[in-house]
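Each remark here refers to the structure printed beneath this line.
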């Protein structure tokens, strides 16, 4: 859950708001800056992984999820998204390849 500092929105809250407004690119830019500066690391990585998931950028998504799991091995959101990405990457429809 994002941390509120007075009336000012945190960078994470701004990124979430942008994503909710279907502005994934700006949200991604803001998260990249936040992560680079070391702020709200775990939650920023999770949100950025969700954006990568939405954009179908599986490798970047898994990289962020793995960074979270290095710090918090039992992080339920990271574990769930990682499994979903693995299922998508591992999906193979044999009928598509063998007409």
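The values are calculated or read from the model by the stated rules, or taken from the named source; none is laboratory data. As the structure is a computational prediction, the values presented were derived from the model and not from experiment. Cβ: placed from backbone, ideal geometry, glycine included. Neighbour counts: every protein chain shown.
Scanning segment 59-67 for residues that are in contact with a helix residue (DSSP H, G or I) (Cβ under 8 Å, 6 or more places away or on another chain), surrounded by fewer than 15 Cβ atoms within 10 Å (Cβ to Cβ) and modelled with pLDDT of 95 or more turns up at least one hit.
A count restricted to segment 29-45 and to residues that are surrounded by fewer than 20 Cβ atoms within 10 Å (Cβ to Cβ) and either part of a helix (DSSP H, G or I) or at pLDDT 90 or above (or both) stands at 8. When segment 63-83 is filtered for residues that are over 9 Å from the mean Cα position of the chain (by Cα) and under 19 Å from residue 24 (Cα atoms), only 63 remains.
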